[in-house]
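Shown next, in structure tokens, is the structure this report addresses.
The values are calculated or read from the model by the stated rules, or taken from the named source; none is laboratory data. Predicted model only: the values in this text are computed from it and were never measured. FYI the Cβ positions are ideal-geometry reconstructions off the backbone, even for glycines, and counts take in every protein chain you see.
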Amino acid sequence: MKDEKAVAVVTGASRGIGKAIAVELAQLHYNIVVNHYDFDDQGRSDSHWAQRAQEEIRATGALCEILRGDISSKSDREALVNFTKEKMGRCDMLVNNAGVAPAKRADILEAGEDSYDRVMNINLKGPYFLTQAIANWMIEQKKAHPERNYRICNTSSISAFTSSPARGEYCVSKAGLSMMTMLYADRLAEFGIGVFEVRPGIIQTDMTHVVKDKYDTLIREGLTPIRRWGLPEDVARAVGAIAEGRLDFCTGQVIHVDGGFHLRRL
């Protein structure tokens, strides 16, 4: 199942922001590999949502393959790369979107190492080494196909620069992802591979559903200059601009998708 369309690998793409990104890229004529792993808030395997995402992506006319795998696992990362090679034969874009919040919020003075390790392994270690593997493959592809464009995009969060002491491990993981973006942007520039960061703010997803009432009030009171929740599609459109090559001279750039939250205001 191979054709001449560009291929994007999107992690955490069964639901929420990841699914919106995958659909956006499919509409921009990318074939898609959906990586997924977790369970939904009702305890159902994410495979249910991955299959629905696959159907929606295929409805755009794109090819779509799905693979369950934990990006914090070396063997699962290797399986994802090999699966993409076998099924698609190429990878033109990697979107490191998979991420988790702490299973339970805990004050930084009391939080345990198990939660820290889980969040850091999935949110930072996984993308760091998946990018290493895909980037090396992209370098090989670029040598064989210099006319093609290769790009990497990381989904971080306003938590990269916003203190939340009840979920410190999440903030640290996203701050690390921002530095990872700069490191790979620097290293891969000589090969013509752009690396970017999209930094979502308060977005309507399963992860934020549990704090909806709190943020409804904060947004209404002016937490963000644009007084509405962000949508997964808002983030997807930013990734789409990268995928279309509109920002190819901007490697290492952070795109804030946060309704203006990052502005310092008096």
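Within region 220-229, track down each residue that is crowded, with 17+ Cβ neighbours inside 10 Å and either in contact (Cβ under 8 Å) with a residue 40 or more places away in the chain or among the hydroxyl-bearing types (S, T, Y) (or both).
Scanning region 220-229 gives a single hit, T224.
Answer yes or no: is there a residue in region 165-182 that is assigned to a loop (DSSP other than H, G, I, E, B), among the aromatic types (F, W, Y) and closer than 24 Å to H262 by Cα.
no
It is to be established whether one or more residues within region 154-161 are part of a strand (DSSP E or B) and either surrounded by fewer than 21 Cβ atoms within 10 Å (Cβ to Cβ) or within 14 Å of the chain's Cα centre (by Cα) (or both).
The answer is yes, given that some residue of region 154-161 is part of a strand (DSSP E or B) and either surrounded by fewer than 21 Cβ atoms within 10 Å (Cβ to Cβ) or within 14 Å of the chain's Cα centre (by Cα) (or both).
Among (1) surrounded by fewer than 15 Cβ atoms within 10 Å (Cβ to Cβ); (2) of a type in the set (S, T, Y); (3) in contact (Cβ under 8 Å) with a residue 12 or more places away in the chain, there is one condition T205 misses while meeting the rest; what is its number?
Condition not satisfied by T205: (1).
Suppose the filter is surrounded by 14 or more Cβ atoms within 10 Å (Cβ to Cβ), among the aromatic types (F, W, Y), touching an Asp or Glu at 6+ places or on another chain (Cβ under 6 Å) and free of Cβ contacts under 8 Å to residues at least 60 places away in the same chain; does Y37 pass it?
Taking the combined requirement at face value, the residue does not satisfy it.
Would you be able to tell me the number of residues in region 70-114 that are among the polar types (S, T, N, Q) and crowded, with 20+ Cβ neighbours inside 10 Å?
4
Kindly list the number of the only condition in (1) more than 15 Å from the chain's Cα centre (by Cα); (2) under 15 Å from L130 (Cβ atoms); (3) hydrophobic (A, V, I, L, M, F, W, C) that fails for A50.
Going through (1) more than 15 Å from the chain's Cα centre (by Cα); (2) under 15 Å from L130 (Cβ atoms); (3) hydrophobic (A, V, I, L, M, F, W, C) one by one, A50 breaks only (2).
Could you figure out which of (1) touching a His at 6+ places or on another chain (Cβ under 9 Å); (2) at pLDDT 95 or above; (3) under 27 Å from R237 (Cβ atoms) isn't true of R68?
Unmet condition: (3).
Would you check if V235 is within 15 Å of the chain's Cα centre (by Cα), of a type in the set (V, I, T) and part of a helix (DSSP H, G or I)?
When the stated conditions are applied, V235 passes them.
Any idea which of A133, A106 is part of a loop (DSSP other than H, G, I, E, B), out of contact with any Leu (no Cβ under 8 Å at 6 or more places or on another chain) and of a type outside the set (K, R)?
A106
What are the pairs, 6+ residues apart or on separate chains, where a residue within region 105-125 that is within 26 Å of C153 (Cβ to Cβ) and free of Cβ contacts under 8 Å to residues at least 60 places away in the same chain has its Cβ under 6 Å from a residue that is assigned to a helix (DSSP H, G or I) and of a type outside the set (F, W, Y)?
Y116/E169; V119/E169; V119/S173; M120/S173; N123/S173; L124/S173; L124/G176; L124/L177
Table: residues versus (1) under 24 Å from M120 (Cβ atoms); (2) touching a residue at least 40 places away in the same chain (Cβ under 8 Å); (3) outside any helix (DSSP H, G or I); (4) touching a helix residue (DSSP H, G or I) at 6+ places or on another chain (Cβ under 6 Å).
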site	(1), (2), (3), (4)
D186	yes, yes, no, no
E190	no, no, no, no
E197	yes, yes, yes, yes
L218	no, no, no, no
A241	no, no, no, no
G252	yes, yes, yes, yes
L263	no, no, yes, no
